[in-house]
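**Student:** Handing you a structure now.
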Amino acid sequence: MTDTPRIIRRSAVVSWILYDVANVIFTMGVLSLYFPVFVRERVGAARADSVLGAVTSVAMGLMFLLSPLLGAMTDRARRRMPFLIWATLIACGATAVMTRGPFWMTVILFVIANGGYQAGVQFYDSMLPEVSTEENRGRINGLAVGLGYLGSYIAVGLGFLFPGDKTSVFQAIALLFLLIALPCFFLVQERGNPNPRPIFRLSAIIEAVGETFKTLKSGRRFPGLLRFLIGRAFYTDAINTVIAFMTLYTVNVAIGTGLSAEAGEARAKLVLTSAITTAILGGVLWGYVVDRIGPKKTLNIILSCWLATFALAACIGLFRLPISWLYVVACGAGMSLGGTWAADRPYMLRLTPPDRVGEFYGLYSMVGRFSAVTGPALWGLTTYVTVERMGMPVLTGQAFAILILLAMVVAGVVILRPVTDEPRDWAALAHADEGVR
């Protein structure tokens, strides 16, 4: 008896991709642009970095701890979609009322909104198998990554539509996030879990946490998983950090070439726009490459591109190269950024047994959040030592910080080298593990 081919409707694929556009509006609008500016306006320029860093670290630290538990719980549920819906509603609801009260209340709302957003991304990632097959997974994921960056343009545009009005901007972000996400809620059809188990019981939570710890210790059952997660921690640490600080670096490069701070900020927006545009192209193109040569080879090429990008970015600061070189860096970073998520999401799926997708993507997300906490700390420590203690110019100190990040990518490449992306025979691995016991 032959299996009936699974039919995936185009409407399901399109709506799943649209959710990526929706959550990028939140990423760019809340995390990258308007909440940091709001903090600066409320606490002043001198305290803005430390306050924002503390708030972000707490928000990401909480999700770092919760990610594996949330993933394991969705593996027990009959369907994952209700989790995605509730996470999105929490993110949108908290975002819509930000800035309507005291500063401390907005900070708490930000932590809640970030938690809903981060959980939603985790649930969304784990639904990739529902809208793709092994043959087209790279293309579908690449399209989602690339087209998702269109949300960045929307987020930036809201600032021009509501100049100086943060309350209206946050309300618009919440509304657009929800509206663009709605098709995903109704049109993505899950196959469902044939063996659902209790979720909201203390015993279930304890068991879910125990399963996660067993997973991390069971290298034989999940070949390559631990190495992949460690390697991913290194390269995402570097990538997320350089993106977070690239605007400040661009402003310093501009000032170093004789421009004013205001002109430097304007130039930074142009550089950011260049990166976003090429990230859209990169996500789509690299998705096709994944389907042709596999996620591992694709990721290796992309990480090599990151190494060249980091090296050029550091040289700009060390040797005071013209600011025009930053556009080359931005284009390289954009192409590589789109490709990174186009390749490593399917790579993770190759290492994941079908019945534990939620749990494993919880670990995948946990690694990303860990890097969001440690990366800025590493950058700050490097610039503190080079600039404040050794007396180097700020731009030189930042260049050395970029070189440290380059070394992190090298470490990630070395760690990932033995990990194959060959499809696993999960039934045979489980049988072998039982035999050893």
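**Student:** Just checking, which of A172, A181 is modelled with pLDDT of 95 or more and more than 17 Å from F38 (Cβ to Cβ)?
**Tutor:** One residue alone meets the criteria, A181.
**Student:** More than 30 Å from N193 (Cβ to Cβ), crowded, with 23+ Cβ neighbours inside 10 Å and aromatic (F, W, Y): does that describe F319?
**Tutor:** Numbers: more than 30 Å from N193 (Cβ to Cβ): yes; crowded, with 23+ Cβ neighbours inside 10 Å: no; aromatic (F, W, Y): yes.
For F319, the condition - more than 30 Å from N193 (Cβ to Cβ), crowded, with 23+ Cβ neighbours inside 10 Å and aromatic (F, W, Y) - is not met.
**Student:** Same structure again: Which of the residues belonging to the stretch 393-431 are farther than 19 Å from T236 by Cβ and small (G, A, S)?
**Tutor:** Selection gives G397, A399, A427, A428, A430.
**Student:** Please go through (1) at pLDDT below 90; (2) closer than 30 Å to D291 by Cα; (3) not in a loop (DSSP other than H, G, I, E, B) for E135 and return the number of the only condition it doesn't satisfy.
**Tutor:** Unmet condition: (3).
**Student:** Select from the stretch 95-116 the residues that are under 19 Å from D20 (Cα atoms) and of a type in the set (A, V, I, L, M) and list them in ascending order. Lay out the reasoning, then the answer.
**Tutor:** Within the stretch 95-116, the subset under 19 Å from D20 (Cα atoms) is 95, 113-116.
If the condition is that a residue be under 19 Å from D20 (Cα atoms) and of a type in the set (A, V, I, L, M), then A113 is the only one that fits.
**Student:** Let me ask something else. Spot the failing condition for A333; the list is (1) aliphatic (A, V, I, L, M); (2) buried (at least 19 other Cβ atoms within 10 Å of the Cβ); (3) free of Cβ contacts under 8 Å to residues at least 12 places away in the same chain, and only one is missed.
**Tutor:** Of everything listed in (1) aliphatic (A, V, I, L, M); (2) buried (at least 19 other Cβ atoms within 10 Å of the Cβ); (3) free of Cβ contacts under 8 Å to residues at least 12 places away in the same chain, A333 misses just condition (3).
**Student:** Continuing with the same structure: Restricting the first residue to the stretch 268-296 and requiring it to be not assigned by TED's automatic domain parsing to the domain that holds N136, which pairs with a second residue that is crowded, with 21+ Cβ neighbours inside 10 Å and aromatic (F, W, Y) meet a Cβ separation below 8 Å and a spacing of at least six or different chains?
**Tutor:** Filtered contacts from the stretch 268-296: I276/Y149; A279/Y149; I280/Y149; G283/Y149; G283/W341; P295/Y347; K296/Y347.
**Student:** Further question: Looking only at helices (runs of 4 or more DSSP H) that fall completely inside the stretch 222-327, which ones have 1 or more residues that are within 16 Å of W379 (Cβ to Cβ) and in contact with a helix residue (DSSP H, G or I) (Cβ under 9 Å, 6 or more places away or on another chain)?
**Tutor:** 225-256, 295-319
**Student:** Take the residues of the stretch 279-316 that are small (G, A, S) and in contact with a Lys or Arg (Cβ under 9 Å, 6 or more places away or on another chain): which is surrounded by the most Cβ atoms within 10 Å (Cβ to Cβ)?
**Tutor:** As a first pass, look at the stretch 279-316 and keep what is small (G, A, S): 279, 282-283, 287, 294, 304, 308, 311, 313-314.
Applying the additional criterion that residues be in contact with a Lys or Arg (Cβ under 9 Å, 6 or more places away or on another chain) yields 287, 294.
Details: G287: 28, G294: 19.
So, considering only residues that are small (G, A, S) and in contact with a Lys or Arg (Cβ under 9 Å, 6 or more places away or on another chain), the one surrounded by the most Cβ atoms within 10 Å (Cβ to Cβ) is G287.
**Student:** Among V37, V111, which is the only one that is outside the structural domain of E359 (by TED's automatic domain parsing) and either at pLDDT below 90 or crowded, with 21+ Cβ neighbours inside 10 Å (or both)?
**Tutor:** V37
**Student:** Related question: In the list G380, G375, G397, which residue meets the criterion of being under 20 Å from the mean Cα position of the chain (by Cα) and assigned to a helix (DSSP H, G or I)?
**Tutor:** Working: G380 fails: under 20 Å from the mean Cα position of the chain (by Cα); G397 fails: under 20 Å from the mean Cα position of the chain (by Cα).
Exactly one residue qualifies, and that residue is G375.
**Student:** Between residues in the stretch 157-172 that are surrounded by fewer than 17 Cβ atoms within 10 Å (Cβ to Cβ) and residues that are not in a helix (DSSP H, G or I), which pairs lie under 6 Å by C-beta distance while being six or more apart or on different chains?
**Tutor:** Going by the 6 Å Cβ cut-off, the qualifying pairs are T167/T99; S168/F162.
The values are calculated or read from the model by the stated rules, or taken from the named source; none is laboratory data. Fair warning: this is a prediction, and the values are worked out from it, not measured in the lab. In this analysis, Cβ positions are derived from the backbone assuming ideal geometry, glycine residues included, and neighbour counts consider all displayed protein chains.
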